[in-house]
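Chemist: Here's a structure for you.
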Amino acid sequence: MDSTASDPQQTETPAEAPEPAAAAEAAAASEPVPEPEPVSEPMSEPVIGAVAPPAALAVNAGVGATLRSAREGMGKTLPECAKLLRIRQPFLEALEEGRHRDLPGGTYAAGFLRTYAEFLGLDSEEMVRRFREEGAGGFKNRTELTFPSPVSEGRIPGGAVIFLGLILAAVAYGGWYLLSSAETKVTEMVPPLPDRLAGVLNRQASLTGETRPAGEAAKPGEEAMKAKEDVVPPTETEEEKPAAQAPAASEPVKAEAPQVEPPKAEPPKVEPVKAEAVKAEAPKVEPPKAEPPKVEPPKPEAAAATSVSDGKVYGTEYADSRVVLKATGDDCWIQVREVDGSLLMSRLLRRGDSFRVPNRSGLNLMVGNAGSLEVSVDGRKVPALGAAGQVRRDIRLDPDKLAAGG
Amino acid sequence: MFSKLTGWMSADMAIDLGTANTLVYVKGRGIVLNEPSVVAIAEEKGKKKVLAVGDEAKMMLGRTPGYIQAIRPLRDGVIADFEVAEEMIKHFIRKVHNRRSFASPLVIVCVPSGSTAVERRAIQESAESAGARRVFLIEEPMAAAIGAGLPVTEPTGSMVVDIGGGTTEVAVLSLGGIVYSRSVRVGGDKMDEAIIAYIRRNHNLLVGEGSAERIKKEIGSACPPEDGEGRTMEIKGRDLMNGVPKELIISERQIAESLAEPVGAIIEAVKVALEHTAPELAADIVDKGIVLTGGGALLSNLDYVLRHATGLPVSIADDPLSCVALGTGRALEEMPKLKNVLTSMY
């Protein structure tokens, strides 16, 4: 044909396009084709066709309109095209009317459009590009690939297990942290209590009319709460006064121990060394407060309590205790057994710690460092049980016997 | 665990190891390399050394002096020369992987569906010895269909015809698997050979493979034009009668005639595949038709011929040359999801 001479590079120039179509028609006629519907109704278009040249409309009309006008320009009906291209007529209609949803998946729609556009002598790549732009919403370029997978057997996925485990661990840690921090708060709240103790002490002192200085010593602390001086249980306001008060209160007591002591039979043990210790471990003074003032019957007892206050005091539950074991030098391990051999207590007494032995007969003491253990009976110090570092077993904790120097 | 770590550092890649062209798709970067599968080997003092790979080597094809050999290590879609193929893969991997070379990459290579276990093993081993950390194989028609964007995982039949350099793969896919596949060893190479044979027989002119390929690309057609000779082209070669170089003009019609046999083989393969397709899938295919991929899809009028031979709509995929590479690349990108389509020989 003439077109081949003029344009050897392009197969599908508009002028040439009808030829393959004609051939296709011939082929279609010769072989029986399973064409679904030889529709004969949309014949209205060819009548008005051939009016608009496709190029004029192609500029900014939609892809569908461009296709339709090109087809009409060629004087072909949809069924004819469908038969030639073997593309089902509904798909061609959908293409012309821009119904992207009625077209099969992306690749097929683009393929149909390309075939159709080439058949009509249009620039297929350009048409496909425009088609993609048009259908940006409903037309997906990329097919989603999801492989059919066996139904899961309802097991908890590993990821969830790990996640839950992490959450549990976090909760457990959080809880532990909270609890432990609450504990520290308790110890922080403790210091004010010696103050109350001091108050109690003070009141007792003023009652007896003795030990004036003790009351004076307590005064600086008390000034803040002078209004409620007689009220023993401390309120929040006085609790605010920190540990500084505790040493203030307890130190003077010790400082003037020489004076106070004789009447009270306070063991002369309580010396400056202790005072320092008190200062150092002021916040630790809680045990004295833990043993409530109410169980404190006689004065010496109270004094003993204060003098002992520099270490931990074990056995506070034995209110009627007469014998007190106290580690004065180094740490000292003690073990106290009942008469039947069962263990009453076994622990290491740190320096300053003391143990109040219950008033019971038949208790046996075993001590790891007899030299550093100070034994006092009814507040009176008795001779040491042995030399430093000496281990002694089977010491009867009989107060009378101990007092007698046994 | 460790391999995951190195996976972050290495550039995993998908390789379409084709008979004619090798395409390399790097994860996250797309297709980064597209070169002919040709290796030029020089022999120096008895030792063979790679002189050039790819485009450069293709220029040498058929023009080499005695000590250089330009080899196409793949024939009919499978490795014909194991060592040279290994060198080529190594070269391509090094070329795209130079920046982060301390971690070896995971590689997915596609293989023809009709290849034997031995051939697959050869491909996998050569990729492994070329420096891959792990090698997976994917069947070419599956890769082509994924690359063409067909809904392969849906319960609907899709038919893809991938016409490569060495093989033509016809496959029906559904639910993420290959329902039926057929691989014939007819492709671009066979078309070139047919053109060479035709010209020699009818014009007593010997043309090289490169010239034949050029002729096919320029005026090749699956069916002769309606009337007249169609487009024409000047071809150069050696006259067999008197042994001198000669030039003559050849027409589209003649080339279409010469291509009738390979095209007929492709049509036959498609028809056979359709015959073996289950009726439900056939019904789907009647609606949506056949999608052509691969370089052979660019042969003009092939879709037309196929359409009229099968009576089905035939469409050509976007960018048919890189469909397989894109599909293999997508399998790489969505590896956890698409691992069903990947295989390994061991």
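Chemist: Looking only at the range B:139-159, which residues are farther than 11 Å from B:Val291 by Cβ, assigned to a helix (DSSP H, G or I) and facing chain A (nearest Cβ under 9 Å)?
Modeler: B:Ile146
Chemist: Since A:Lys83 meets every condition but one in (1) buried (at least 23 other Cβ atoms within 10 Å of the Cβ); (2) within 12 Å of chain B (Cβ to nearest Cβ), which condition does it not meet?
Modeler: For A:Lys83, the failing item is (1).
Chemist: Within the set of pairs 6 or more residues apart or between chains, which connect a residue that is facing chain B (nearest Cβ under 7 Å) and surrounded by 20 or more Cβ atoms within 10 Å (Cβ to Cβ) inside the range A:101-127 to a residue that is basic (Lys, Arg) and part of a loop (DSSP other than H, G, I, E, B) with Cβ atoms less than 8 Å apart?
Modeler: Short answer, once both residue conditions are applied: A:Gly106/A:Lys140; A:Gly106/A:Arg142.
Chemist: Considering (1) more than 14 Å from chain A (Cβ to nearest Cβ); (2) more than 30 Å from B:Glu275 (Cβ to Cβ); (3) surrounded by 15 or more Cβ atoms within 10 Å (Cβ to Cβ); (4) out of contact with any helix residue (DSSP H, G or I) (no Cβ under 7 Å at 6 or more places or on another chain), say which one B:Gly237 fails and leave the rest.
Modeler: Of everything listed in (1) more than 14 Å from chain A (Cβ to nearest Cβ); (2) more than 30 Å from B:Glu275 (Cβ to Cβ); (3) surrounded by 15 or more Cβ atoms within 10 Å (Cβ to Cβ); (4) out of contact with any helix residue (DSSP H, G or I) (no Cβ under 7 Å at 6 or more places or on another chain), B:Gly237 misses just condition (4).
Chemist: Follow-up. When you scan the range B:321-330, do you find a residue that is in contact with a Ser or Thr (Cβ under 6 Å, 6 or more places away or on another chain), in a helix (DSSP H, G or I), within 11 Å of chain A (Cβ to nearest Cβ) and surrounded by fewer than 23 Cβ atoms within 10 Å (Cβ to Cβ), even just one? Give the steps one after another, and end with the answer.
Modeler: Of all residues in the range B:321-330, those in contact with a Ser or Thr (Cβ under 6 Å, 6 or more places away or on another chain) come to B:323.
Subsequent filtering for residues that are in a helix (DSSP H, G or I) retains B:323.
Add one more test, that the residue is within 11 Å of chain A (Cβ to nearest Cβ), and what stays is B:323.
Next, from what is left, pick out any that are surrounded by fewer than 23 Cβ atoms within 10 Å (Cβ to Cβ): none.
Looking for residues that are in contact with a Ser or Thr (Cβ under 6 Å, 6 or more places away or on another chain), in a helix (DSSP H, G or I), within 11 Å of chain A (Cβ to nearest Cβ) and surrounded by fewer than 23 Cβ atoms within 10 Å (Cβ to Cβ), one finds none in the range B:321-330, hence no.
Chemist: Take the residues in the range B:287-300 that are at the interface with another protein chain (Cβ under 7 Å from one of its Cβ atoms) and surrounded by fewer than 24 Cβ atoms within 10 Å (Cβ to Cβ), then tell me which one is nearest to A:Val128 (Cα to Cα).
Modeler: B:Ser300
Chemist: If I filter the range B:166-175 for residues that are touching a helix residue (DSSP H, G or I) at 6+ places or on another chain (Cβ under 8 Å) and at positive phi, do I get at least one hit?
Modeler: So in the range B:166-175, the residues touching a helix residue (DSSP H, G or I) at 6+ places or on another chain (Cβ under 8 Å) come out as B:166-174.
Those left that are additionally at positive phi: none.
No.
Chemist: Shifting gears a bit: Quick check, is A:Gly154 at pLDDT below 80 and outside any helix (DSSP H, G or I)?
Modeler: Working: at pLDDT below 80: yes; outside any helix (DSSP H, G or I): yes.
So A:Gly154 fits the description; yes.
Chemist: Would you confirm whether or not the range B:265-272 contains a residue that is surrounded by fewer than 20 Cβ atoms within 10 Å (Cβ to Cβ) and either outside the structural domain of B:His308 (by the TED database) or not in a helix (DSSP H, G or I) (or both)?
Modeler: No.
Chemist: While we're on this one: Could you check the range B:273-304 and list, in sequence order, the residues that are within 21 Å of the chain's Cα centre (by Cα) and either without any contact (Cβ under 8 Å) to a residue 40 or more places away in the chain or part of a helix (DSSP H, G or I) (or both)?
Modeler: The initial filter retains those residues of the range B:273-304 that are within 21 Å of the chain's Cα centre (by Cα), namely B:273, B:290-303.
Within the range B:273-304, B:Ala273, B:Gly295, B:Gly296, B:Ala297, B:Leu298, B:Leu302, B:Asp303 meet the criteria.
Chemist: Looking only at strands (runs of 3 or more DSSP E) that lie completely in the range A:287-404, which have at least 2 residues being modelled with pLDDT under 80? Working first, answer last.
Modeler: On the way: elements: A:323-327, A:332-337, A:343-349, A:354-357, A:364-367, A:373-377, A:392-396.
Per the criteria, no element qualifies.
Chemist: Still on this model: B:Glu247 versus (1) away from every other protein chain (no Cβ under 14 Å); (2) in contact with a helix residue (DSSP H, G or I) (Cβ under 7 Å, 6 or more places away or on another chain); (3) assigned to a strand (DSSP E or B); (4) free of Cβ contacts under 8 Å to residues at least 40 places away in the same chain: which is the lone unmet condition?
Modeler: It fails just one condition, (2).
Chemist: Let me ask something additional. Just to be sure before I move on: is B:Ala256 buried (at least 18 other Cβ atoms within 10 Å of the Cβ), touching a Ser or Thr at 6+ places or on another chain (Cβ under 8 Å) and within 30 Å of B:Thr310 (Cβ to Cβ) in the structure I sent? Even if it seems obvious, please write down each step before you answer.
Modeler: Numbers: buried (at least 18 other Cβ atoms within 10 Å of the Cβ): yes; touching a Ser or Thr at 6+ places or on another chain (Cβ under 8 Å): yes; within 30 Å of B:Thr310 (Cβ to Cβ): yes.
When the stated conditions are applied, B:Ala256 passes them.
Chemist: Of the residues B:Ala260, B:Ala222, which is within 14 Å of another protein chain (Cβ to nearest Cβ) and modelled with pLDDT of 90 or more?
Modeler: Numbers: B:Ala260 fails: within 14 Å of another protein chain (Cβ to nearest Cβ).
The unique qualifying residue is B:Ala222.
For every residue, the table says whether it meets (1) within 17 Å of B:Glu268 (Cα to Cα); (2) of a type in the set (S, T, N, Q); (3) in contact with a Lys or Arg (Cβ under 9 Å, 6 or more places away or on another chain).
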{"residue": "B:Glu128", "(1), (2), (3)": "no, no, yes"}
{"residue": "B:Arg134", "(1), (2), (3)": "no, no, no"}
{"residue": "B:Gly147", "(1), (2), (3)": "no, no, yes"}
{"residue": "B:Val152", "(1), (2), (3)": "no, no, no"}
{"residue": "B:Gly157", "(1), (2), (3)": "no, no, yes"}
{"residue": "B:Val161", "(1), (2), (3)": "yes, no, no"}
{"residue": "B:Glu169", "(1), (2), (3)": "yes, no, yes"}
{"residue": "B:Val179", "(1), (2), (3)": "no, no, no"}
{"residue": "B:Arg201", "(1), (2), (3)": "no, no, no"}
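The values are calculated or read from the model by the stated rules, or taken from the named source; none is laboratory data. Keep in mind it's a predicted model, so treat the numbers as computed, not measured. Note that we place each Cβ from the backbone using ideal geometry, even for glycine, and neighbour counts take in every protein chain shown.
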